[in-house]
Number of protein chains: 2
Amino acid sequence: MCGTELYFFCLVVMSGANTFGQWKKQCLGKVDFSKKGSVDEDIGHVVSFLNERENYFTTSSCSGRIVLVDGVPDSPDVRKQNCSWLFVSHGKCATEDVVSALRKSSGDAVLKFEPFVLHVQCKRLEDAQLLHSVAVDSGFRNSGITVGKKGKIIMAVRSTHCLEVPLGHKGEILVSEEYICFVVSIANLKMEENLKRIDRFSQCLMAALQQEQSTCSTEGENKEKSAYKRRRRRQQRDLVRL
Amino acid sequence: MCGTELYFFCLVVMSGANTFGQWKKQCLGKVDFSKKGSVDEDIGHVVSFLNERENYFTTSSCSGRIVLVDGVPDSPDVRKQNCSWLFVSHGKCATEDVVSALRKSSGDAVLKFEPFVLHVQCKRLEDAQLLHSVAVDSGFRNSGITVGKKGKIIMAVRSTHCLEVPLGHKGEILVSEEYICFVVSIANLKMEENLKRIDRFSQCLMAALQQEQSTCSTEGENKEKSAYKRRRRRQQRDLVRL
């Protein structure tokens, strides 16, 4: 690589680093426009921990939820925009709460369990790879990386763990209360497993990033020692020449 | 970059290319150890198309399925290894088939809809990025890239589209046949949407890869034309000197 090419290469690398810093500042300065308007309690520590690291920032998150939605009848896909929420819980829930919410349904009511989801923008591909390993090792097996055209690297923590149970059609409840009780107990089991996985993820993440930091410190110290040794040898050679 | 460094850099690049070729040959030569033992009919054309391209090969796939599983009672996660399959269909299915299969249950029976899944190993990150855009544009919004430590790049085509409905507990059926009929109709709607998305994916994929190939051909032709022009100018200069 000649001198001019090296100069421009450095410029590109530096502007990439600056861009990530700018993206991070912009993102963390924004108002939270999610339905809830704030970070879920069970993952607050994970989100803060990542946002304090130079090479990461979170762009969206949900600790997991049990939700009763009222959807458009006969629609193949129950998406947020097509339905209203009759009930939501970010922890375990009680059958009575679901039953009383269900009575307010006028469309196709569906009980869903949705696990922990986290989107993290990463500075370098190796940062995303580290996060991906942590996620998969913690049980979030559907996690994956996206690399956008402008170089934006996002790691999405995702799971296959789900439940989607139709309970009503055009406002009419189709199942017994005993069945609802059974389905709620399954949803609660999944929520419990989900919270365990979040704990595992949190611990693995801290261990992995602290290990990486101490490896960099050791490498940094070794580089300094080598630079010191080279300077000493140069000084000694200069003394001999004198 | 000095001469020696350039030499080694080329070696690394070439060995990376050779490794991908070796991985591909090994993978496509293997016996299919999946439960079904063969590629699903509805995605045969997609799988062949990708395997014929130099920069891709598929490592696993499923066109989507409606499956009735018999799981371990009170388990939070119904995974393949914890349960047996009472019924499976890679297309729409009939209520009677599900009901008669359900009667054979002795554990916790769960009806599930699982959408199209495809894992593709890619030669370069940009190949994975292209495939990722095609997948997301076709409706497979949970798609993502994995980059392994040995440089293995996998793009997983995935969707959020699912259904998971408990129908029985310890061999006892908990719902009415009318409810099963309703749930089967929802599963069938999801299967129909799934097959449309596979079509969309297939068409977008072909268009995207053919466009990329013709861009490369045009660039290749332009490079040839430039090389030809330079050779002509050199010959003319040589003639003038003579």
Point to revise | Counted charge near A:Thr95, where neighbours are those whose Cβ lies closer than 15 Å (Asp, Glu -1; Lys, Arg +1) | key: -2
**Study point:** Shortest-first distances to equivalent copies, position A:Ser185, nm, label 7 Å out along Cβ
**Key:** 3.0
Point to revise | Shortest-first nm distances, A:His119 label point to equivalent points in other copies (7 Å, Cα→Cβ) | key: 2.5
Review point. At a 1.4 Å probe, which residues in the stretch A:121-169 are at least 50 Å² less accessible with all protein chains present than in their chain isolated?
Key: A:Gln129, A:Asn142, A:Ile145, A:Val147, A:Arg158, A:Cys162, A:Glu164, A:Pro166
Point to revise | B:His119-B:Lys170 FRET efficiency (beta carbon distance; Förster radius 51 Å; 0.05 resolution) | key: 0.90
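Within the stretch B:86-187, list the trypsin sites (Lys or Arg not before Pro) lying in a DSSP loop whose Cβ has at most 15 other Cβ atoms in a 10 Å radius.
Loop-located and lightly packed - B:Lys92, B:Arg103, B:Lys104, B:Arg124, B:Arg141, B:Lys149, B:Lys150, B:Lys152, B:Lys170.
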**Study point:** Charge context of A:Asp127, other residues only, Cβ under 15 angstrom, K/R +1, D/E -1
**Key:** +2
Revision key, fill the gap. Projected onto the charge dipole of the stretch A:64-188 (unit charges on the beta-carbon of Lys, Arg, Asp and Glu, signs +1, +1, -1, -1), the Cα from A:Ala187, A:Leu86, A:Ser159 with the largest positive-side position is that of A:Ser159
Point to revise | Residue mean of other protein chain beta carbons inside 10 Å, A:46-52 | key: 0
Check your understanding: Nearest-to-axis residue of chain A, judged by Cβ, for the A-to-B rotation, with distance in whole Å?
Key -> A:Gly144, 1
Revision key, fill the gap. Ignoring ligands and nucleic acids, chains B and A bury, in total, an accessible area (1.4 Å probe) to the nearest 100 Å² of about 3200 Å²
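The values are calculated or read from the model by the stated rules, or taken from the named source; none is laboratory data. Predicted model, so just to flag it, every value in this text is computed and none were measured. Glycine gets a Cβ as well: all are built from the backbone with ideal geometry, and neighbour counts include every protein chain shown. Ligands, DNA and RNA are stripped out before the accessible areas are found, and what is left, the full protein with its side chains, is counted by its heavy atoms. Shrake-Rupley method; radii C 1.70, N 1.55, O 1.52, S 1.80 Å.
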